[in-house]
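Single-structure report; data block below.
The values are calculated or read from the model by the stated rules, or taken from the named source; none is laboratory data. Only a predicted model underlies this, so the values are computations on that prediction, with no experimental measurement involved. Cβ placement follows ideal geometry from the backbone for every residue including glycine, while neighbour counts extend to all protein chains displayed. Accessible surface is based on the protein model in full, side chains and every heavy atom, while ligands, DNA and RNA are left aside. Shrake-Rupley method; radii C 1.70, N 1.55, O 1.52, S 1.80 Å.
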Amino acid sequence: MRIALFITCVNDLAFPATGIAVTRILRRLGHTVDFPTAQTCCGQMHANTGYRAEAMPMVRNYVDVFDSYDAIVAPSGSCTAMIRDQYPHLHPPATSVAARTYELSELLVDVLGVTDVGAEFPETVTYHPTCHGLRMLRLGDRPLSLLRQVRGIKLVELGDAEECCGFGGTFALKNPDVSTAMLTDKCARVRDTGARVLAAADNSCLAHIGGGLDRHRSGVRAMHYAEILAQTGASS
C-alpha cells in the first residue's frame, strides 16, 4: 500500500515530533511512508471563516499532490474532517482522494486492521476526544482501542470527555471569554483524573488545553496519542 503523510500546518510548524511518530509507527508495521513536499495547508481556516474562494487553490493542490496514493494519513481529526466533509462539496473532483484520507486511528484500525502497534508507555494517561474527530469523523473508540494495547499504560477516564475544550480554531479568537470558561472546565476535569499525560488526536486542542494546564501548574503533559503509540521500551 502506498501511504502518504499529510502533516498539516500546526504539526509541521509547531509539533514536528507528531509526524515523525506517525512515520515511525507505520514503518514499524512494515509500511513505507512518503512525504510529498508540495503539500500545503488544507484550507480549513479559510473555508470555515467564509473565504472559500481563497481555499480553492489549496483544495486543488491537495488533489494534485495526493491523488496517486492508496491512502493518505493525517495526525489531525480537524484537518481530516475538512478534507473528507468539505472537499467533495467545494471541489467534486476531490471526492476520490478525500475518501482515501484517514485520521491515524482510522488507518490503523479500519484499513490496516491493527490495534497493537508494539508500543510501551508506563504512564497514567487520560484521553480527550476532540470535536472534529468525535462529531464529524466519528472516530469513536478507535484511538482508545489503540491506547489500551500499549504496554505499561494506565488509562483513566476523563469526566465530561465529550465537552469541547473551547479552542475551535478561530472560535477562541472571536469568543475569548467563552473559550476561556470552557478551557477552565476542561482543565479541571483533566486534573481530577490524576493523570500525568493528556492525550488527544489534535495538537491544536492539546496546545490550548496544555497552555491552561501549564498556567495552573498542574504538572500534566499534553501529548498527541501518536507520540505515545510510537514509544517502545527503548525509546520511552
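Just to check I understand the Karplus step: with θ = phi - 60° and J = 6.51 cos²θ - 1.76 cosθ + 1.60, what whole-Hz values come out for the range 61-76, glycine and proline as x?
Here the 3J(HN,Hα) series is 5, 4, 4, 4, 6, 10, 5, 7, 8, 6, 8, 10, 10, 10, x, 7 Hz.
Give, to the nearest whole percent, the P(r) tail of the range 122-183 beyond 17 angstrom, counting all Cα pairs.
Numbers: 957 of 1891 pairs.
Result for the distance tail: 51 percent.
Using the heavy atoms of the protein chains and a 1.4 angstrom probe, tell me the accessible area per residue for the chain in square angstrom. Walk me through the intermediate numbers first.
On the way: 10650 Å² over 236 residues.
Result: 45 Å² of accessible area for each residue.
Have a look at Gly77, Ala94, Cys41 and report the one farthest towards the positive end of the charge dipole of the range 1-107, computed about the Cα centre with Cβ charges (Lys/Arg +1, Asp/Glu -1).
Result: Gly77, furthest along the dipole toward the positive end.
With Kirkwood's inverse mean 1/r over C-alpha pairs for Rh, give me the Rg to Rh ratio of the range 124-230, two decimals please.
On the way: Rg = 13.0 Å, Rh = 13.8 Å.
Radius of gyration relative to Kirkwood radius: 0.94.
For the range 1-86, what % of the accessible area comes from carbon and sulfur atoms, probe 1.4 Å? Numbers along the way, then the final one.
Values: 2090 of 3900 Å².
The value for the range 1-86 is 54 percent carbon and sulfur by accessible area.
Take each of the peptides 92-101, 131-140, average the number of other beta-carbon atoms within 10 Å over its residues, and list them starting from the highest.
Numbers: 92-101: 16.8, 131-140: 18.8.
Put in order of decreasing packing, that is 131-140, 92-101.
Using amide H atoms built 1.01 Å from N in the peptide plane, name the residues 5+ places from Glu103, or on other chains, whose amide H lies under 5 Å from its own.
So Glu103 has HN proximity to Ala74.
Calculate the dipole size of the range 60-138 relative to its Cα centre from +1 charges on Lys and Arg beta carbons and -1 charges on Asp and Glu beta carbons; express the result in debye to the nearest 20.
Working: 5 positive and 10 negative charges, 81 e Å.
So the magnitude is around 380 debye.
Can you say what percent of the DSSP beta bridges in the range 2-111, counting only those with both residues inside, are antiparallel? Round to 5. Could you put the intermediate results ahead of the total?
Numbers: 0 of 8 bridges.
Of all bridge pairs located within the range 2-111, approximately 0 percent are antiparallel.
Rounded to the nearest percent, how much of the accessible area of the range 125-193 (1.4 Å probe, protein heavy atoms only) is carbon and sulfur? Don't jump to the answer; show the numbers that get you there.
Details: 1820 of 3680 Å².
That share works out to 50 percent.
May I ask you to evaluate 6.51 cos²θ - 1.76 cosθ + 1.60, the Karplus curve with θ = phi - 60°, for each residue of the range 88-97 and list the ³J(HN,Hα) values in order in whole Hz, giving x for glycine and proline?
So the J values, rounded to whole Hz, are x, 7, 6, 8, x, x, 7, 4, 5, 5.
Using only DSSP helix segments of four residues or longer, with each worth -39500 (n - 2.57), what per-residue ellipticity at 222 nm results for the chain after dividing by its residue count and rounding to 500? If you can, show how the numbers build up before the last one.
Details: 12 runs with 99 residues, N = 236.
Helices in the chain give a 222 nm mean residue ellipticity of -11500 deg cm²/dmol.
Find how many whole Å separate the alpha carbon centroid of the range 56-82 from the alpha carbon centroid of the range 86-102.
8
Taking N as the number of residues in the range 2-111, what is its alpha-carbon radius of gyration divided by 2.2 N^0.38 Å? Mind showing how you got there, number by number?
Working: Rg = 13.1 Å, N = 110, 2.2 N^0.38 = 13.1 Å.
Compactness ratio reported: 1.00.
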